[in-house]
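Below: one structure, written as structure tokens.
The values are calculated or read from the model by the stated rules, or taken from the named source; none is laboratory data. A quick note: this is a predicted structure, and the numbers were derived from the prediction, not measured. Don't worry about glycine lacking a Cβ; one is built from the backbone with ideal geometry, like all the others, and counts go over all protein chains shown. These accessible areas exclude ligands, DNA and RNA; they are computed on the full protein's heavy atoms, side chains included. Shrake-Rupley method; radii C 1.70, N 1.55, O 1.52, S 1.80 Å.
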Amino acid sequence: MQFVVIGEGGHSKVIREIIRANKANEIVAILDDKYDALILKNGLYQGPISSAHQIFGLGNELKWVVAIGNNERRKSIIAKLGIPHEHFATLIHETAVISSSASLGHGTVIMANTVINADAHIGHHAIINTGAIVEHDCRIEDYVHIAPRATLTGAVVIKEGSMLGAGATVIPGKQVGEWAMVGAGATVIHDIPSYRTAVGTPAILINQKN
């Protein structure tokens, strides 16, 4: 399988290792705005994100992945690309444990040592980062980032674009609203409204996101 990776930062390093762990995979292009123009170097295309339309010409079988950790930036790039969801790869690290009844959206990345349990649903272009746990019946919408070792206990809902910090915990049945942020190590025992930031144990709201 041939891949186009958008983004060449730290998050991208981890994603590229997941891709290359399968020897049948090949990364044919890396697009990042640190490049000024599209070039071919040692069999790898490198160029700005705006050169994506040139890469389309390499074939319809390419799989794309936006390897950028920032949720808003990831959504913006995907919208500008205008590529159907089915052309984005869903990447799963070989050490992840995923229930056969769980569902994963296109463009989502599941990192090492994660657990996704029965009837959990993960939307498109989400990140389930290293060692995170998504328990049964959780619903994670598009463009969410669940940071390393965060834990979602049963039937938790994380709405579009939200960020759950490293080591955070959400107790059963609670909801984190759209584009909210939960700080590292926080314990969520009440619903978190959209566009708000919550920190601490128990988690409290600290400001209104603009």
### Task
Based on the mean of other Cβ atoms within 10 Å per residue, sort peptides 29-38, 113-122 so the most packed one is first.
113-122, 29-38
### Query
With r defined as the distance between the Cβ atoms of residue 190 and residue 23 and R0 fixed at 41 Å, what FRET efficiency is calculated, to the nearest 0.05?
0.30
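When 1/r is averaged over all different Cα pairs and the result inverted, which Kirkwood radius in Å belongs to region 67-170? Kindly include the intermediate steps, with their values, before the conclusion.
Numbers: mean 1/r = 0.0756 Å⁻¹.
Taking every pair of different Cα atoms in region 67-170, averaging 1/r and inverting gives 13.2 Å.
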### Task
Please give the helix 10-20 orientation as an angle from the longest Cα principal axis of the chain, in degrees from 0 to 90, rounded to the nearest 10.
70 degrees
### Charge context of residue 108, other residues only, Cβ under 12 angstrom, K/R +1, D/E -1
-1
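If I take every Cα pair under 8 Å that is 6 or more residues apart in the chain, average their sequence separation and divide by the length, what percent do I get for the relative contact order? Present the calculation step by step, with values, prior to reporting the outcome.
On the way: 594 pairs, mean separation 21.6, N = 210.
Normalised by residue count, the contact order of the chain is 10 percent.
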### Query
In square angstrom, rounded to the nearest 10, how much accessible surface does residue 181 have for a 1.4 Å probe?
80 Å²
### Message
Relative contact order of region 84-137, please, whole-number percent, based on alpha carbon pairs below 8 angstrom and at least 6 residues apart.
### Response
33 percent
### Message
Output wanted: per-residue J couplings in Hz (rounded whole) for region 129-134, from phi through Karplus 6.51 cos²θ - 1.76 cosθ + 1.60, θ = phi - 60°, x for Gly and Pro.
### Response
7, 3, x, 6, 10, 10
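Return an integer: the convex hull volume of the alpha-carbon atoms of the chain, in Å³ per residue. Display every interim value, and only then the final one.
Numbers: hull volume 23.2 nm³, N = 210.
Normalising the Cα hull of the chain by residue number yields 110 Å³.
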### Summary
Here FRET efficiency (C-beta to C-beta, residue 42 to residue 72, R₀ 35 Å, nearest 0.05) is 0.60
### Message
Taking a virtual spin label 7 Å from the Cα of residue 112 along the C-beta vector, which residues in region 121-141 bring their backbone nitrogen under 15 Å of it?
### Response
129-132
### Message
I'd like the distance separating the alpha-carbon centroids of region 57-105 and region 118-167, in whole Å.
### Response
15 Å
### Query
If each of residue 79 and residue 61 carries a label point 7 Å out from its Cα toward its Cβ, how far apart are those two points in nm?
3.4 nm
### Per-residue SASA entry for residue 190, accessible area with 1.4 Å probe, Å² rounded to 10
120 Å²
### Task
Pull up the DSSP beta bridges for the chain and report the antiparallel fraction as a percent, rounded to 5.
15 percent
### Query
Hey, if you put +1 on the Cβ of every Lys and Arg and -1 on every Asp and Glu Cβ in region 45-176, which of 53, 92, 171 ends up farthest toward the positive end of that dipole?
53
#### Entry: For region 76-84, Karplus couplings with θ = phi - 60° (6.51, -1.76, 1.60), whole Hz, Gly/Pro x
4, 5, 4, 5, 5, 5, x, 8, x
### Query
Under 19 Å from the Cα of residue 13, which lysines turn up, not counting those fewer than eight places away in the same chain?
23, 34, 41, 63
### Message
Within the chain, what whole-number % of the accessible surface is contributed by carbon and sulfur, with the 1.4 Å probe and all protein chains included in the calculation?
### Response
51 percent
